[in-house]
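The values are calculated or read from the model by the stated rules, or taken from the named source; none is laboratory data. No experiment lies behind these values; they were computed from the predicted model shown. Surface areas here come from the heavy atoms of the whole protein model, side chains and all, with no ligands, DNA or RNA. Shrake-Rupley method; radii C 1.70, N 1.55, O 1.52, S 1.80 Å.
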Amino acid sequence: QVQLVESGGGLVQAGGSLRLSCAASRLTFSAYAMGWFRQAPGEEREFVATTGRSGGSTYYADSVKGRFTISRDNAKNTVYLQMNSLKPEDTAVYYCAASRVFPSLSPGGYNYWGQGTQVTVSS
């Protein structure tokens, strides 16, 4: 059974940084595009960023462009999300996901999901 396990969430002050990691197992990692989504209470799950199979191509939501960076290490079966200049509106549960299609900007385009990690940004 495929597993995606996120880590690195926590509480940070506005303007701070966090790096999320997502480790994949029982998945041919390099065959999948990887994405990050987030979901705030009462809101729909929204796209944050995605990277292609080799990591050479990336897409970002406008709301995070210039502040967040997605990257992957296929040797470690891990995808990362470096988040800088965090804002209170970035507060959400962050999910990583794997897709056979790149780029896929909607949750329905992803085949596997992690359980999520909470990011809280205080003002």
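Per residue, segment 29-123 exposes 47 Å² of solvent-accessible protein surface, assessed with a 1.4 angstrom probe and all protein chains in place.
Of the three principal axes defined by the Cα atoms of segment 1-42, the extents in descending order read 37, 24, 17 Å. Under 1.5 on a/c is rounded, so check that first for the chain, then, if it is not, pick prolate when a/b is larger than b/c and oblate when it is not; a ≥ b ≥ c are the square roots of the alpha carbon gyration tensor eigenvalues. Cα axes put the chain in the prolate bin. The alpha-carbon atoms of segment 55-104, seen along their principal axes, cover 32, 21, 19 angstrom, with the largest extent given first. Taking all protein chains as shown and a probe of 1.4 angstrom, Glu46 keeps an accessible surface of around 80 Å². Surface composition of the chain: carbon and sulfur make up 46 percent of the accessible area, probe 1.4 Å. Heavy-atom accessible area, probed at 1.4 angstrom with all protein chains present, ranks Arg72, Arg100 as Arg100, Arg72, highest first.
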